[in-house]
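Working notes, beginning with the structure itself.
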Amino acid sequence: MKNRNLKKFLLAGIVFISFMLFIGCSEKEDYQLIQESRFALGTYNQVTVYASSEEQGQKVIEAVFVRVDEIERLMSSNIEDSDISRLNAQAGESAVTVNVETFHMLQLGKEYQELTDGTFNIGIGALINLWDIGGDNQRVPEKTEIEALLNHFDLDQLTLNEENYEAKIKDPKMILDLGGIAKGYAVDEAIRVIEEHGIEHGIVDFGGDVYVLGGNPDGNEWRIGISKPIIGESGVMGRLFSSDMSVVSSGDYERYFTEEGQLYHHILNPSTGYPTDNQLSSVTVISDTALEGDILSTAIFVMGLEDGLSFVNDLDDIEAILITENKEVYVTPGVLDLFEIMDEEYFIVE
């Protein structure tokens, strides 16, 4: 288990390498660069702020991780008394009163399931548990086990009462999992906390869900590295120049296992029950919020190249970078001028 966690940390840190290269040559004397990493939400989370003093910076970072802990205690399916665990435990039986934040995430889960035509689905917790990719019991399930679950992902079976924040799972075999939405929400909340403390420049990187606040203190934009989406390789294939935006990537290289020479990654297709199998290696979404990026990067990856590009081009204020197994790079028009290829093996398809 320790080796898997180390791998996750290294992968999450790839994006941050480019930050450090830029931070090291741009720090001004009137800012203190304060940075800390902690494990939460199933991944390593790094917060970097430019503060007026070390005391202010440490206070801000502590407040961020207190907020992250609050979110995890509400929404993690691995915490026994969380809202989601209590709701899952009552599936097919009774309604559960949840925190307003959890309720809002459930509402968004239903909305995005419809918007993405089911490629994003918070109702596939039983399938996630069955595969347990990245966990202690990961395995390739029997086909019959998968097929037995496919009819239990219908979010119409999740009813929400906004008057009293009650939620109920009518299907006793449905299990909710907010892993594809809670981390992005936590990033956005971290940024809110940082801003409330008067910080104007900073970076939040929660396992590859990144938000860059303001620009670099020297007046330039941040440089955000996009990882090479290849298992066993490190470094970046390109970089984005950006400020005040979220950059979130999903890929088949992030969490996986192999069995009998076959690779199985963690991005499961709700319509098949198996890891998504298409020509994409990674999807990076650039958006105003990490919550949107968290959801849409997964959904677009499941959609595949053609449908994914069509989908994202119909959205307002959302941009994306899609990379195929053949190292072809597809970039939506709004981000083309902000993106630079750094590895000659990759090439942009016009």
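Just so it is clear, none of the values below were taken in a lab; they were calculated from the coordinates. Predicted, not measured: the structure shown is a model, and the values here were computed from it. We place every Cβ from the backbone using ideal geometry, glycine too, and count neighbours over all the protein chains shown.
When a footprinting reagent is the concern and you count Cβ atoms within 10 Å, what order do 224, 175 take, fewest first?
Ranking 224, 175 by Cβ neighbours within 10 Å, fewest first, gives 175, 224.
Taking 8 Å as the Cα distance limit and 6 or more residues as the minimum spacing, I'd like the relative contact order of the chain as a percentage.
17 percent
Just to confirm the filter: which GluC sites (Glu not before Pro) across the stretch 64-133 are DSSP coil and have at most 10 other Cβ within 10 angstrom of their Cβ? Provide the component values of the computation, followed by the final result.
Details: sites: 70, 72, 80, 93, 101, 111, 114; in loops: 80, 93.
Passing sites in the stretch 64-133 are 80.
Around residue 266, which amide H atoms from residues at least 5 apart in sequence, or from another chain, sit under 5 Å from its own amide H, with H modelled in the peptide plane?
Excluding prolines and chain starts, which carry no amide H, the hits are 255.
For 76, 243, which order do you get if you count the other beta carbons within 10 Å of each Cβ and list the fewest first?
Fewest-to-most Cβ neighbours within 10 Å comes out as 243, 76.
Restrict the search to the stretch 218-307; then list the GluC sites (Glu not before Pro) that DSSP places in a loop and that have at most 10 other Cβ atoms within 10 Å of their Cβ.
Answer in residue order: 260.
Once the Cβ-Cβ distance between residue 143 and residue 79 is put in as r, and R0 is 41 Å, what FRET efficiency do you end up with, to the nearest 0.05?
On the way: r = 32 Å, r/R0 = 0.78.
The computed FRET efficiency comes out at 0.80.
Obtain the nm distance between the two label points defined at residue 260 and residue 315 by a simple spin-label model: each point lies 7 Å from its Cα along the Cα-to-C-beta direction.
Placing both labels 7 Å beyond Cα along the Cβ direction yields 3.7 nm.
How many angstrom lie between the C-alpha centres of the stretch 272-350 and the stretch 141-165?
Spelled out, the Cα-based centre of one part sits 28 Å from the other.
Using modelled amide H (1.01 Å from N, peptide plane; none on Pro or chain starts), what sits under 5 Å from the amide H of residue 44, excluding residues fewer than 5 places away?
The list, which skips near neighbours in sequence, is 207.
Distance in nm between label sites at residue 170 and residue 154, each 7 Å beyond Cα in the beta-carbon direction?
With each label point 7 Å from Cα toward Cβ, the separation is 0.8 nm.
How many nm separate the modelled label positions at residue 307 and residue 63, each set 7 Å beyond the Cα in the direction of the Cβ?
Here the modelled spin labels are 4.4 nm apart.
Between residue 200 and residue 277, what FRET efficiency comes out of the Förster formula 1/(1 + (r/R0)^6) with R0 = 56 Å and r the beta carbon distance, rounded to 0.05?
Computed FRET efficiency for residue 277 and residue 200: 0.80.
Give me 316, 171 sorted ascending by neighbouring Cβ count inside 10 Å, so fewest comes first.
On the way: 316 4, 171 18.
Ranking 316, 171 by Cβ neighbours within 10 Å, fewest first, gives 316, 171.
Mind scanning 143/228; 110/228; 110/183; 110/173; 110/170 and naming the pairs with a C-alpha gap bigger than 24 Å? All intermediate terms of the calculation are to be shown ahead of the outcome.
On the way: 143/228 32 Å; 110/228 32 Å; 110/183 17 Å; 110/173 18 Å; 110/170 15 Å.
Where the Cα-Cα span goes over 24 Å, the pairs concerned are 143/228; 110/228.
Find how much the distance from residue 349 to residue 100 grows on full extension, using 0.36 nm per residue of separation minus their present alpha carbon separation; answer in nm with one decimal. Display every interim value, and only then the final one.
On the way: separation 249, 0.36 × 249 = 89.64 nm, distance 4.40 nm.
Stretched out fully, the residue 349 to residue 100 stretch lengthens by 85.2 nm.
Considering only the other residues whose Cβ falls under 11 Å of the Cβ of residue 180, what net charge follows from Lys and Arg at +1 and Asp and Glu at -1?
Net local charge, residue 180 excluded: -2.
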